[in-house]
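The values are calculated or read from the model by the stated rules, or taken from the named source; none is laboratory data. The shown structure was predicted, so the numbers you read here are calculated from the model rather than taken from an experiment. With ideal geometry, Cβ positions are generated from the backbone for all residues, glycine too; neighbour counts draw on all protein chains shown. For accessibility, only protein heavy atoms count, side chains too; no ligands or nucleic acids. Shrake-Rupley method; radii C 1.70, N 1.55, O 1.52, S 1.80 Å.
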Amino acid sequence: MNGQAPVDFAAATYIDPTDPFYSFEAKQHFMSTPQPFVQDIPVASPELAAFNEAQRLADLEKLSNEYTPEYTGPLVGDLKSSRELAHEYAGADPIYVTKTSAMYPAYTHYRKIRGDGNCAWRAIAFGYFELLLRSNSVDVVNREWARLHSLGNLLKAADIRDYLYEDFAAETSNVFRVISEFILEEDPNAVSGLVTHFNEVSDSLIAYLKMLTSAWTKSRPADYGAYLESANQTNLETAVLEYCRIVVEPFGVELDHVGMKAFIDCLVIPADFRVEISYLDRSPGSEVNIHHFESGENPFAPTVRLLYRPGHYDIIYKAGDLSELVPFLDKPQASPVQVSFMPHLPDQFFTSTPLNLFLQPVNSVTNTATASTRTNDDRDRFRASLFQYPPFQPSPLPFQTSIFRNSAYNPSHYQSENFQPELYQPELTEVSSRGGHGSRRRM
């Protein structure tokens, strides 16, 4: 075969049919001869198979722990109808279907929080700032920032250096300033503006609040250490320090019940707010189970409402919450004060006459007398023009009381914004002298 040694087809264990080195006859012999090596593959023992399966599961668990999902959507979302929760769980477990369907109409809206491991921190923090905006009081906002700023003493006591948190504290201070501006400017888009600004600085806020909560927890080991499992093996101070290092301080670690209570005790309760958590789980019942975090002093305090689903928190709102979010939107505008020069108001024999009809002067007492002497038989012959008085004209007559005469609402007074100098005539008042002789002075 072209000077090459002959190939022993019987001894060959494998011939690639596509290899051009072998002749057509060799390929035909290989393909038509049973291959004994197929039956000679060794079979793994049960012990080896079990080891391989355990190794495979360990590798999968390692990959799962190291996996970082790609989170999408805003950190704090816009308001949505709570009916979407029922649609979301429409094909889920019947218990979840029943509980989500029962939430409406008691809870009308919810706000989705990104599930990146910080959802509990972010939901409570935004709910706290939203309640400050709802208070519509700059004094309340300033008082709260002063309180949080004073907690810097806890950070120093916990041996946290200034340079580690001063930038985060500045961003937090800026949020309070933005809320105060929304209140002062009576911005109708204040809530959406707060959402936008909060999303921009959310990570800095969470970092600062984590430091405050850690320092708060370390300063009160007796309040939180007893609930930690490690407290049985070491003293409370050591258990709390280890807990803060593992759970509270790291970014992206979800809060458990102990950390949740410490965070609420630090941020929410001292502000005279409360937190209500509705648990959507497989527990018995047709409605969500509710747990309250409150001081007990004010059961009607403004409330941050959270919806807990296994491993995640969102914000929910009751029917009456949204109408109070920005109370200055419904605040009545101050109307110009008008003065009535009528001796008395006419009797009303018709329904709901606007009050401004009676805040106009009367040129003559005749109209008033006519109105007051009307009988029930005159109702059918009522003419609206009877009560349509002419436009406002300052009365040249002297006023009956010195209080009104000297007030800024008197257009004849120099302090009135509608002051007319030609009407200003100081009245001469009789003053008795000691000698009994009367004298006159100008008022």
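Considering only Cα-Cα distances, which of the following residue pairs are longer than 23 Å: 62/210; 99/210; 112/210; 80/210; 99/318; 156/210?
On the way: 62/210 28 Å; 99/210 33 Å; 112/210 21 Å; 80/210 28 Å; 99/318 16 Å; 156/210 14 Å.
In this structure, 62/210; 99/210; 80/210 lie more than 23 Å apart at Cα.
So for the pair residue 276, residue 173, with labels modelled 7 Å out along Cα→Cβ, what separation do we get in nm?
3.6 nm
Please give me the summed charge of the neighbours of residue 90: other residues whose Cβ is under 13 Å from its Cβ, Lys and Arg +1, Asp and Glu -1. Can you show the working numbers first?
Values: positive: 83, 99; negative: 84, 88, 93.
Within the 13 Å Cβ shell, the charges total -1.
Which net charge results for the neighbourhood of residue 55, defined as the other residues with beta-carbon distances under 12 angstrom from its beta-carbon, given Lys and Arg at +1 and Asp and Glu at -1?
-1
Please report, as a whole percent, how much of the solvent-accessible surface of segment 144-183 comes from carbon and sulfur atoms (probe radius 1.4 Å).
Numbers: 1100 of 2110 Å².
With neighbouring chains kept in place, the figure for segment 144-183 is 52 percent.
Net charge around residue 201, counting only other residues with Cβ within less than 11 Å of its Cβ (Lys, Arg = +1; Asp, Glu = -1)?
On the way: positive: none; negative: 167, 171, 200, 203.
Taking every Cβ under 11 Å from that of residue 201, the sum is -4.
Quick one: grab the alpha carbon gyration tensor of segment 65-210, order the square roots of its eigenvalues as a ≥ b ≥ c, and give me rounded if a/c is under 1.5, else prolate or oblate depending on whether a/b is larger than b/c.
Note, shape of segment 65-210 comes out oblate.
Grab the beta carbon distance between residue 197 and residue 319, set R0 = 25 Å, and tell me the FRET efficiency rounded to 0.05.
Working: r = 27 Å, r/R0 = 1.08.
Between residue 197 and residue 319 the formula returns 0.40.
To the nearest 10 square angstrom, how much accessible area does residue 243 have with a 1.4 angstrom probe?
20 Å²
Is the C-alpha gyration tensor of segment 143-254 telling us rounded, prolate or oblate? Criteria: a/c under 1.5 is rounded; beyond that, a/b larger than b/c is prolate, otherwise oblate. Could you put the intermediate results ahead of the total?
Numbers: a/c = 2.64, a/b = 2.27, b/c = 1.16.
Prolate is the answer for segment 143-254, as a/c is 1.5 or above and a/b outweighs b/c.
What does the extension gain come out to for residue 98 and residue 162, with contour length at 0.36 nm per residue minus their alpha carbon separation? Numbers along the way, then the final one.
Working: separation 64, 0.36 × 64 = 23.04 nm, distance 5.04 nm.
Roughly 18.0 nm would be gained on extension.
With just the Cα atoms defining each centre, how far is segment 225-270 from segment 115-156? Give it in Å.
If you average the Cα positions of each part, the centres end up 19 Å apart.
Would you list 145, 216, 121 from the most to the least accessible area, probe 1.4 Å? Spell out each step's value before the answer.
Details: 145 55, 216 35, 121 0 Å².
The most accessible residue leads, giving 145, 216, 121.
Of all trypsin sites (Lys or Arg not before Pro) in segment 277-321, which ones are in loop regions per DSSP and have a Cβ with at most 14 other Cβ atoms within 10 Å? Could the numbers behind the result be given before it?
Numbers: sites: 282, 305, 318; in loops: 282.
Those satisfying the criteria are 282.
Between residue 283 and residue 59, what's the calculated FRET efficiency when r is the beta-carbon distance and R0 is 35 Å? Round to 0.05.
On the way: r = 35 Å, r/R0 = 1.01.
So, using R0 = 35 Å, E works out to roughly 0.50.
Using the basic label-point model (7 angstrom from Cα toward the beta carbon), what is the residue 223 to residue 116 distance in nanometres?
Between residue 223 and residue 116, the label points sit 3.0 nm apart.
Taking the simple approach of a point 7 Å from Cα along Cα-to-Cβ for both residue 298 and residue 84, what is their distance in nm?
3.2 nm
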